[in-house]
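The values are calculated or read from the model by the stated rules, or taken from the named source; none is laboratory data. Remember, it's a predicted structure, so these values are computed and weren't measured experimentally. Note that we place each Cβ from the backbone using ideal geometry, even for glycine, and neighbour counts take in every protein chain shown. Side chains included, ligands, DNA and RNA excluded: accessible areas come from the protein's heavy atoms. Shrake-Rupley method; radii C 1.70, N 1.55, O 1.52, S 1.80 Å.
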Amino acid sequence: MTEFTPALFRPGLAATGLATPGFAPPAEGSASAPVVVAIDGPAGSGKSSVSKAAATRLGYGFLDTGAAYRALAWHALEHGIDTSDATAVLEIFGDFDYAISLDTTDRWVRVGSVDVTDAIREPRVTDAVSGVARVAPVRHAVNELFRRLVASAALPGVVVEGRDITTVVFPDAPVRILLTAAPEVRAARRSAELTSQDAAAVAAALHKRDAADSTVVDFLTAAPGVEVVDSTPLDFEQTVDAVLSVVDSTMGARDGR
């Protein structure tokens, strides 16, 4: 049975270069280092659900990197911070005590002692995410968290999904995938998930999120060596199969199969 351990992040330690307890990455080239499957893509492309399903079938851990930015946005909003104010975001980031599970069957996110797993999916948090994610020092520190987290995971592999995962966070991952779909398809899928909002509002929000995020990262163009999976004509299971096919072919080529 695979054992999963949570990741705990305190920015103060990252800023000083000190290791967070439990984060002792294996030496470079160590056989114990987990395999990384990096998955990028725009909002509504199905990154989280597809990545989680793929991780389950592979027996890997699953890291939703967007949850860190959502948790920080929630943290800022709880303290009355204007997330468009980069200086204020940096100040509140100093006491951001964040933890996340890598277990595909027991998903949770915490800020301090508060379980924010559901709260970070609220529309008000979604609207604030781009504000905190565009702050360069925050992205740098959080990216370091992701690398340490994966390196120290006692797992055969971790599926990591989010924005700029294949190009900035894990550019050397053995498997890198850009999961995308046509804008109208992404909007329809997101609308189906958010039953409390009408389709037009969801489509508008998705377009706004894409526009804001595109100023920070390029999530629509595959970098060299990144495989594209276009899920526009695919259902969920077909998309998971397509991702697993890329994993199998890429790892097979690497292993000489």
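Considering only the other residues whose Cβ falls under 14 Å of the Cβ of Ala242, what net charge follows from Lys and Arg at +1 and Asp and Glu at -1? Before the final figure, lay out each step's value.
On the way: positive: Lys47, Arg57; negative: Glu227, Asp230, Asp235, Glu237, Asp241, Asp248.
In short, -4.
Remark on Leu178: its backbone amide H falls under 5 Å from those of Asp40, Glu227, Val228, Val229, a criterion applied only to residues 5 or more positions apart or on other chains, H modelled at 1.01 Å from N.
Taking every C-alpha pair closer than 8 Å and separated by at least 6 residues, the mean separation divided by the residue count of the range 65-155 gives a relative contact order of 33 percent. Under the simplified labelling scheme, the Ala136-Val228 pair shows an inter-label distance of 3.0 nm, with each label point 7 Å from Cα along Cα→Cβ. Phi angles across the range 97-103 convert, under the Karplus curve 6.51 cos²θ - 1.76 cosθ + 1.60 with θ = phi - 60°, into 3J(HN,Hα) values of 9, 10, 9, 8, 8, 9, 6 Hz, Gly and Pro given as x. For the range 65-155, the dipole from Cβ point charges (+1 on Lys and Arg, -1 on Asp and Glu) about the Cα centre works out to 380 debye, to the nearest 20. A cut-off of 5 Å between modelled amide H atoms, ignoring neighbours fewer than 5 places along the same chain, links Val159 with Val37, Gly61, Phe62, Leu63. When the alpha-carbon atoms of the range 65-155 are used, the pair Rg, Dmax equals 12.8, 38 angstrom.
Amide H contacts for Trp108 (H built 1.01 Å from N in the peptide plane; partners 5 or more residues away or on another chain; cut-off under 5 Å): Ser101.
When nucleic acids and ligands are ignored and a 1.4 Å probe is applied, Leu234 ends up with an accessible area of around 50 Å².
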